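Down below is the structure, laid out as structure tokens.
The values are calculated or read from the model by the stated rules, or taken from the named source; none is laboratory data. Treat the numbers as computed from the prediction; the structure is a model and nothing was measured. Cβ placement follows ideal geometry from the backbone for every residue including glycine, while neighbour counts extend to all protein chains displayed.
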Amino acid sequence: MADIDCLVIGAGVVGLATARALALAGREVVIAEAADGIGTQTSARNSEVIHAGIYYPPGSLKAQVCVEGRKQLYRYLGERGLPHKACGKLIVATSSGQRPALETIAARAKASGVDSLRYLDTAEARAHEPEVACEIALFSPETGVVDSHAFMLSLLGECEAAGGSLALNTPITGWRREGETFSVDFGGDDPATYSVRSIVNSAGHGAPRLLGRLDGFPAAHVPKQSFAKGNYFALLGKQPFSHLVYPIPEAAGLGIHATIDMAGRVKFGPDVEWVNDDQDLVVDPTRAEKFYAAIRTYWPGLQDGALVADFAGIRPKLHGPTEPMPDFRIDGPAVHGVPGLVNLLGIESPGLTSSLAIAELVIERLQA
């Protein structure tokens, strides 16, 4: 008999969604979080966008969980009255040379089950956003924004109401498989070792490092990790947009786009800056020059001095700068051969949108 039935490592949005789903399914759940609060890394440092499921290869795990997760997320937020807004977004082609890329996006989205996109010509795009300059655009009415912290607090509250518990300031300092359970060393103010029946490794940036410390775990299933910093700049003065505005995506991200928060304030980002670790969260103000140039391709009216450094986040990448972007990894025993363990690896965007659907898959793979 294990001391703990199910341990979820990491209290980001995906870890919280998973813990809630497990608790509602009748599992005894403990969430161990190394930080002093929930959602302090990727979950707190992003655009807070509800993605429609447009960009991902048809048939991929990303496409599957984003499309299903978006439906579940809107339903969840609506039923609970949580702050969100289906404001829609424009993906803009600013030259004729970008039109094929826009057509590829539209075809990929349709193949993934997103059939709500529609083309806008220049005049129609300007009718939606008078200050946007483009030749043609795709409009996605199902894209929106959410108060991610309110969502995470709701997930935690429902997990706790179903009997789950949260331990903050509790890093995992060691773990190993012993017989039918895991033996896990918990750090913090009251270090202790407990036996655990099932574990979900949802440690975000720390997930691959943590997996590498699991005694006897096959090294072939521990991915190489890279970190891509995304910097954001806020806009001073009059707010120009009522929809999100995205350029054509770039290799490691979706380009420097305009998002709006629940108060209607506009911020721009993220860019892609490859860094050596996940602690570099200071925005270099000199990067504004790159932002001005990128933004003015679709918003030529941006005034000098209107951008101010805001915040940065780190994407937990499973690929480097010159490598193709891989799919999400939700690795259960069928993949790595260790009973009772599911590893969530490389869960960056659209992880927030996908969180409720990812949680369902975790349960399936723990039971497999």
Residues being over 28 Å from ARG99 (Cβ atoms) and under 19 Å from the mean Cα position of the chain (by Cα) - total across segment 234-266: 2
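Looking only at strands (runs of 3 or more DSSP E) that fall completely inside segment 102-169, which ones have 2 or more residues that are in contact with a Gly (Cβ under 7 Å, 6 or more places away or on another chain)?
Values: elements: 118-121, 136-140, 144-146, 165-167.
Passing ranges, in order: 136-140.
One line per residue, one yes/no per condition, for (1) under 25 Å from ALA293 (Cα atoms); (2) assigned by TED's automatic domain parsing to the domain that holds PRO240; (3) not hydrophobic (A, V, I, L, M, F, W, C):
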{"residue": "ARG80", "(1), (2), (3)": "no, no, yes"}
{"residue": "ASP121", "(1), (2), (3)": "yes, yes, yes"}
{"residue": "ALA127", "(1), (2), (3)": "yes, yes, no"}
{"residue": "GLU135", "(1), (2), (3)": "yes, yes, yes"}
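Okay, residues lined up against (1) touching a His at 6+ places or on another chain (Cβ under 6 Å); (2) surrounded by 14 or more Cβ atoms within 10 Å (Cβ to Cβ):
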{"position": "LYS71", "(1), (2)": "no, yes"}
{"position": "ARG80", "(1), (2)": "no, no"}
{"position": "HIS84", "(1), (2)": "no, yes"}
{"position": "CYS87", "(1), (2)": "yes, yes"}
{"position": "PRO100", "(1), (2)": "no, no"}
Examine segment 204-226 for a residue that is under 30 Å from PRO130 (Cβ atoms), in contact with a Lys or Arg (Cβ under 7 Å, 6 or more places away or on another chain) and assigned to a loop (DSSP other than H, G, I, E, B), and state whether such a residue exists. no
How many residues of segment 243-294 are surrounded by 19 or more Cβ atoms within 10 Å (Cβ to Cβ) and part of a strand (DSSP E or B)? The answer is 11
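Can you name every residue in segment 295-325 that is free of Cβ contacts under 8 Å to residues at least 60 places away in the same chain and exposed (fewer than 15 other Cβ atoms within 10 Å of the Cβ)?
Taking segment 295-325 first, the residues free of Cβ contacts under 8 Å to residues at least 60 places away in the same chain are 295-296, 302, 304, 322-324.
Answer for segment 295-325, where residues must be free of Cβ contacts under 8 Å to residues at least 60 places away in the same chain and exposed (fewer than 15 other Cβ atoms within 10 Å of the Cβ): ARG296, ASP304, THR322, GLU323, PRO324.
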Near pairs, Cβ below 9 angstrom, 6+ apart or cross-chain, from segment 87-105 (polar (S, T, N, Q)) to any residue that is surrounded by fewer than 17 Cβ atoms within 10 Å (Cβ to Cβ) and in a loop (DSSP other than H, G, I, E, B): THR94/ALA133; THR94/GLU135; SER95/GLU135; SER96/GLU135; GLN98/GLU135
Does at least one position in segment 6-21 carry a residue that is surrounded by fewer than 24 Cβ atoms within 10 Å (Cβ to Cβ) and within 15 Å of the chain's Cα centre (by Cα)? no
Please go through segment 326-368 and pick out each residue that is hydrophobic (A, V, I, L, M, F, W, C), within 23 Å of ALA219 (Cβ to Cβ) and surrounded by fewer than 21 Cβ atoms within 10 Å (Cβ to Cβ). ALA334, VAL335, VAL338, ALA368
Residue under question is LEU61, and the condition is that it be surrounded by 14 or more Cβ atoms within 10 Å (Cβ to Cβ), under 30 Å from THR170 (Cβ atoms) and not assigned by TED's automatic domain parsing to the domain that holds LEU352; does it hold? yes
Return only the number of the condition from (1) in contact (Cβ under 8 Å) with a residue 60 or more places away in the chain; (2) of a type in the set (Ser, Thr, Tyr); (3) surrounded by fewer than 18 Cβ atoms within 10 Å (Cβ to Cβ) that TYR119 does not satisfy. (1)
